[in-house]
Structures are given as structure tokens and as C-alpha cells.
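Quick notes on the structure that follows.
Please treat every number below as a calculation from the coordinates, not as lab data. Every value quoted in this text rests on a predicted model; they were computed, and no experiment measured them. A quick note on method: Cβ atoms are made from the backbone with ideal geometry, for glycine too, and the neighbour counts reach across all protein chains shown.
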Amino acid sequence: MLLKELLVYIGDSCFPLIENSMASSYLSTVIYLDNIDCDLYDFIDSKVKDISSFKMIRYVDDLYILFSSEKNFDELIPVFNTVKNAYSSILKQHGLALNTKKCVLRETSEIHEELKKSLYDEFVYGNESDIGSFFIGKLQEFLNEIYEVLCDCGITNAKYSEIIEKHFSNDNIEFTPEEVFNYLVYENQTELKQPSVSRILVQIINQDVSFLSLDPKRLSVMVMQSGNDSAVKAMLNQLFIRSRSGEWNSYDTTIAIAYLIQSKFQHIDLLQVIKANCSELYSYYDNSCKRSFINQIRPVKWNQYLRCIANDVKAVFLFFMSFCEQDKGNYLAGYAYYKNFFDRISADIAFFYVKGSKKKKPDYKQYYCEKKLKSLYGEIADGNSVIKKAHKLRNASPLSHASAELIDNNGSSSELMDICVELDRLIHQYIMMHNL
């Protein structure tokens, strides 16, 4: 639960993904698909009578099923369809779809040729090669056609996809046209850095820079990786114009992000444009890129809390969970966790710092009580009234008490957050008064 909440918090209420990361492939296939593969294995093992023995082998998102059968090869189409349909049904239960275009039935004597289609920076017919060798000159042809269409009548998303399909398809390899295009942009820029390619890029941008919005991330990275300063300047100038005219949109943000990442955030003017049009993104840059995020968790007050709770990991858990729930706007749960944290850290403070304590360990059950908490914080001017209100709100919460009175209170969210601030102030004042 803690690890899940940590990941969701990092991802701003979504599961965080790192683009172009081996970790994403590992999570999505080795971990996420493991149960799915087990279900398919059980199905074949128990339901498919015409398969006498089999072995399943996964490599990232490719799955090979090697099997033996008493039937002749030309009689195995029904078996193939049975397995394919079962796998498709299993995947649908998990919100996934099977790419039927890649599903084939082959004899094992053909496996060597089949595997050659999946090679990436490996060997093709005994010669060391890479995917780019199949598409020499294709990037130039692709951009030439883009320019012609732009000059003629403009380009649509459908036409753009059609041109990608036309220039980056090859029946001798398994990669899709999109994957080939990605390779030429992100992995191997040999073609991209050709002078003729960079020149046509400048012509395209000068003709209609809004073309980048069809595929903002990939095309802006292409411009950056081309090494052509004129193309980069034209792209940036368009972003500034759109910002000044109030026409900025999410595509412009994506283009700006791609540029900033490629340039290691070395463009102050563009960062100010991001700040004006996408404040949350700028905040992320300021806190986690410009400086270490650790600065956010270094307040003196929090370090004092850590000294008070010593090795009480449950107190840390309660505080973190309250932080996560409040961040998601779950105020009832956030308050429930925070009030429990307050009670627990109060017991820790009393055990470690109150003179005359003869207990061998903190008495957490005692500090659930209103009376005990008032005795600890009573010396603070409004301590008793804050404690009383905090207990009243907890007893009215549907997460803590059957009366569930807070359900009838339309202003309960702000009340709960306000009392959290007040309780936090009590802890801090007590620590400061006693030099803890």
C-alpha cells in the first residue's frame, strides 16, 4: 500500500512512467503480463487436446509458443485459431488487445527466418546490421512528400499517417512503420543529419510550422536532432508568437518540453513562456529539475518531528498517508490519518521528552484520549480548545464513528484541513517551547 501510494503521489495521482525506459517494458511485460501468460498456459495445458507438448517463450511484448502435435501441419489451423481466440479473450479481461496481424502459424523449421524479422541492431543473414540499413534515403523521401502536400493543400492527421506507412514499411522486418520512424528520429540520426534532410526541414517549417502539431513530440525532436539552427529558431519563434497572441495550447507545451529536454533547459525565455502558460509544469522544473526535490522535505519543522518520533515507522506511515490523501482531495481520509499521526507523535513526545515518565515504551492507547492530549498541550494558550474540536470532528467522521455527522456538513472539507493546520501548530509550538 505504501509503495503504491508513493508511486501515485510521484505521478500526480497517476502511475508514473519514464519514457524510453527499460523499466516500463519490464513492468508492462514481465510483471503485468505474467498472470496473463499463466492463464494462457493453463488453457492450452487443459483445453487444447491436439497439442501434446508445448513451451511458451516471451521476449518483451513478443510471445512464441512452440508445440508438438500428432496432426499434420495443414490440419492445425483450427488449433491455431483456438489458442489465438483464447489469448485474445484473456487479454480483453485486462483491457488489452491482441495484434492479430502479428499472429502466425509456422513450422519450427522456419523459426530461424521468423526470428530474423524481429532483430534490432543485430545480424541479418549473417551480416551485422541495424534497422536503418533497410531505409536509406527514406527519411528524405518522406519529408519531400510532406513538403509537397503542405504546398499543395495542407496536411491532415490521416494523410500524415498514410505518408509514414508508405515510406517506412518493409515486409522483410517485423517492425511497424511507426517503430521505424521512431528509430530514425530517436535512435539513429544518421539520415536525419544529412544536409539535404535538414534543408527540407527548414522549408517545411517556413511553409507551415503548425505541421509540428500533428506529431508535436516526435517532430520537434526531429528538428532538434537535425542540428540545423535555422529550423530550431523557426520552431522557437513560432512558440513565442503563439504565446504572445494567446493561442498557446497543449501541443505547444509538448513541443516546448521536447526542446527544453534536448537543450537541458538552457533557454530562459522559453521557460518563462512555460511559466505563464503552464504553471504546474514550471513548478516541476523549478523543484525537480533546476534543483533537487530533496529541498522540499528539508524544513526545520519536519526534521524536528523526525527527532521526536525517533524510530517510530508507524508515525511516518500515518503522516505520509495523510499527505497523500490530502493531495488527492480525499479530505476525510486525510484527516483520519493525520489525527492518528497527531495522537501517535504526541505519545512519542511524552515518552521521550516529558520528565518523570517511567514507561518502557510510548503508551499509544492513552494518547488517543482527549484528556491525555489536553494534559500534554494544555500549557499552550488555545491547546485545549483545539484538541476538543479535533476530537469532535473525528467522532463526526464516517471513517471513525457511526454517527457520520460530517456527511451533513457541506463545509467539512475546509474544517478538516483547518484543524490539521491547528494540530500541526500545537506540535511545533510544544517542540519550540521545550527545545526538543
| request: Putting +1 on Lys and Arg Cβ atoms and -1 on Asp and Glu Cβ atoms, find which of Gln207, Leu184, Ile257 reaches farthest to the positive end of the dipole of region 131-292. | output: Ile257
| message | With viscosity set to 0.890 mPa s at 25 °C, what whole-number translational diffusion coefficient in µm²/s follows for region 18-116 from Stokes-Einstein and a Kirkwood radius over Cα pairs? | response | 167 µm²/s
| request: Would you mind ranking Met433, Met56 by Cβ crowding within 10 Å, fewest neighbours first? | output: Met433, Met56
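Taking 27 Å as the cut-off for C-alpha to C-alpha distance, list the pairs among Lys49/Lys84; Lys102/Lys264; Lys328/Lys360; Lys71/Lys101; Lys102/Lys193 that go past it.
Lys102/Lys264; Lys328/Lys360; Lys102/Lys193, as the Cα separations exceed 27 Å there.
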| remark: With +1 at each Lys and Arg Cβ and -1 at each Asp and Glu Cβ, the charge dipole magnitude of the chain around its Cα centre, to the nearest 20 debye, comes out at 3080 debye
| task | Using only C-alpha atoms and all pairs of different ones, pull out the Kirkwood radius for the chain in Å with one decimal. | result | 27.8 Å
| Going by how many other Cβ atoms sit within 10 Å of their own, how do Ile10, Ile163 line up, fewest first? | Ile10, Ile163
| query | For Thr82, Thr156, what's the fewest-to-most ordering of other Cβ within 10 Å of each Cβ? | reply | Thr156, Thr82
| note | Dividing the surface of the Cα convex hull of region 300-433 by four yields a projected area in nm² of 8.1 nm²
